[in-house]
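Read-outs throughout are calculated quantities, based only on the coordinates presented, and are distinct from any laboratory measurement. Predicted model only: the values in this text are computed from it and were never measured. Here the Cβ positions follow ideal geometry from the backbone for every residue, glycine too, while neighbour counts run over all protein chains shown.
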Amino acid sequence: MATTIQITEMLQKELSKKKIFEKETYEEVIWDLLEDTKELNQETKKELQEAREEYQKGKISTLQQVRKELGF
């Protein structure tokens, strides 16, 4: 079932800038934006898990240690 939504001209202009090709629909643009968000969330979750594992294994350095190593 299709539905109609109202958007401002400013949002329409911003969505138009996101189009990969001229005939791309706004629905396709919105799906692409949603997909990008989901991928970022999955990538971020993976990086957070890796960081937790490194922390648990003691593979971390304090800011003070890094400064000392870099000579600050």
(message) Suppose each label sits 7 Å from its Cα in the direction of the beta carbon; what would the residue 59-residue 1 distance come out to in nanometres?
(response) 5.1
(request) Rounded to whole Å and sorted largest first, list the principal axis extents of the Cα atoms in the chain. (result) 57, 30, 22
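Placing unit charges on C-beta atoms (Lys and Arg positive, Asp and Glu negative, everything else neutral), compute the dipole magnitude of the chain about its Cα centre in debye, rounded to 20.
For the chain, the charge dipole is close to 480 debye.
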(message) What is the angle, in °, between the Cα long axis of helix 26-56 and the longest principal axis of the Cα atoms in the chain? Nearest 10 is fine, range 0 to 90.
(response) 10
(request) Could you please report the charge total around residue 20, scoring K, R as +1 and D, E as -1 over all other residues with beta-carbon less than 13 angstrom from its beta-carbon? (result) -2
(request) Could you work out how far helix 9-18 tilts from the main Cα principal axis of the chain, as a 0 to 90 degree angle to the nearest 10? (result) 60
